[in-house]
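Input: a single structure, listed below in structure tokens.
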Amino acid sequence: MTKSKVFMSVLVYTESEQGAFKKTALEVASYAKAVADQLGTTVTAITINVDDASALGNYGVDKILNVSNAQLQSFSANGYAEAIKQAAEKEASKVIVVSSSADSKYLAPLLAVGLNAGYASNVIEAPASTSPFTVKRTAFTNKAFEISQINTDVKIIGVSNNSFGLIENSRNASAEEFSPSISDSGVKVEAVDKATDKVTIADAEIVVSAGRGLKGPENWGMVEELADVLGAATACSKPVSDLGWRPHSEHVGQTGKPVASNLYIAIGISGAIQHLAGINASKVKVVINTDAEAPFFKAADYGVVGDAFEVVPQLIDKLKAFKAQQ
């Protein structure tokens, strides 16, 4: 009689910022629960310097390893990878789930080397099979799908943002303090300046972006007002950040930040191939442009041929009127 392979707890790294979970943390926890159900096991989450981790119990996590470490107050790929590696070894986890954020894409290869693991990034669905372990992921800047088989003993899955969603599955999660041994990385962070009153591009379900069609930074007020009405993040094209109209942190595209929002609104952006490659994972794309031949119209789900200075204020008024009726 052949014994079936026993999988230990699925380990999930739940990202946080300034002591609070990012939205991606709850999505990867939901994904880890789906994988654990397929394997007939439980979910263990590792948190790093989180003030309150109890929310994870609502998304299928059975056990929480809380790391409180002054060395990890600022993100360090080596330090974070080492903490997750030690947690995986402690729990004897064979499947580790992370997000596809910039930070996780930085640390995951280091983690894969440390655990001699296979790593699949940009995964968009729960495994199609666990024997062999097969996942579906995006490829060619989200223009195609790829079916990948992970044959290593330890497997690392990077879940594409806004691909799996948040699935509530209430558990009574136990919690314990975990103190990994972290060596000095030799990197010292002097200061970190962050905007605390805005929705971040990485966590945003809606992104309002604009390009050179706005003619100058003095016209960005209507973009910010539209974003406020929608509860969205603001973004821009590369030429806009290069000109200094907007900060480089708002530059989205293949050479900037990737966007996988549920709704992406492009105002006055023609649609260079590098820009489209970086936002192609967004589910619904809307473009507002005076040029009916702009490349963005071929990639968009909805398009408005018109002057942004006329269209956007009317859109803001209509949205405010609609929200007032709710």
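All of SER270, SER249, SER241 fail the test of being in the same structural domain as LYS318 (by TED's automatic domain parsing), in contact with a strand residue (DSSP E or B) (Cβ under 6 Å, 6 or more places away or on another chain) and surrounded by fewer than 21 Cβ atoms within 10 Å (Cβ to Cβ), apart from SER241. Within segment 79-104, the set of residues being touching a Pro at 6+ places or on another chain (Cβ under 8 Å) and assigned to a loop (DSSP other than H, G, I, E, B) is empty. Tell me, yes or no, whether segment 202-210 has at least one residue that is crowded, with 19+ Cβ neighbours inside 10 Å and over 19 Å from LYS23 (Cα atoms). Yes - at least one qualifying residue is present in segment 202-210. If you filter segment 135-155 down to residues that are modelled with pLDDT under 95 and of a type in the set (A, V, I, L, M), you find that the one that is surrounded by the most Cβ atoms within 10 Å (Cβ to Cβ) is ALA139. Among the residues of segment 140-158, those identified as without any contact (Cβ under 8 Å) to a residue 24 or more places away in the chain and in contact with a Ser or Thr (Cβ under 9 Å, 6 or more places away or on another chain) are ALA144, PHE145, GLU146, ILE147, GLN149.
Candidates in segment 92-106 are the residues that are out of contact with any helix residue (DSSP H, G or I) (no Cβ under 9 Å at 6 or more places or on another chain) and under 20 Å from ALA32 (Cβ atoms); of these, the one that is surrounded by the fewest Cβ atoms within 10 Å (Cβ to Cβ) is ALA92.
Does any residue of segment 250-270 turn out to be part of a strand (DSSP E or B), modelled with pLDDT of 95 or more, of a type outside the set (A, V, I, L, M, F, W, C) and under 21 Å from PRO313 (Cβ atoms)? Within segment 250-270, one or more residues are part of a strand (DSSP E or B), modelled with pLDDT of 95 or more, of a type outside the set (A, V, I, L, M, F, W, C) and under 21 Å from PRO313 (Cβ atoms).
Considering only residues in segment 283-323 that are part of a loop (DSSP other than H, G, I, E, B) and in contact (Cβ under 8 Å) with a residue 60 or more places away in the chain, the one that is farthest from VAL229 (Cα to Cα) turns out to be THR290. Of everything in segment 162-213 that is outside any loop (DSSP other than H, G, I, E, B) and farther than 30 Å from HIS275 by Cβ, the residue that is modelled with the lowest pLDDT is ASN169. Under the condition of being within 24 Å of GLY306 (Cα to Cα), over 18 Å from the mean Cα position of the chain (by Cα) and not aromatic (Phe, Trp, Tyr), the residues counted in segment 244-264 number 1. In segment 38-91, the qualifying residues are those that are of a type in the set (Ser, Thr, Tyr) and more than 27 Å from SER170 (Cβ to Cβ), and the one that is most open to solvent (accessible area, probe 1.4 Å) is SER74. Among the candidates PRO132, PRO109, the residue that is surrounded by fewer than 22 Cβ atoms within 10 Å (Cβ to Cβ), without any contact (Cβ under 8 Å) to a residue 12 or more places away in the chain and not polar (S, T, N, Q) is uniquely PRO109.
The values are calculated or read from the model by the stated rules, or taken from the named source; none is laboratory data. Not measured: the values here are computed from a predicted model. Every residue, glycine as well, gets a Cβ built from its backbone with ideal geometry; the counts of neighbours run over all protein chains shown. Ligands, DNA and RNA are excluded from the accessible area calculation, which covers all protein heavy atoms including side chains. Shrake-Rupley method; radii C 1.70, N 1.55, O 1.52, S 1.80 Å.
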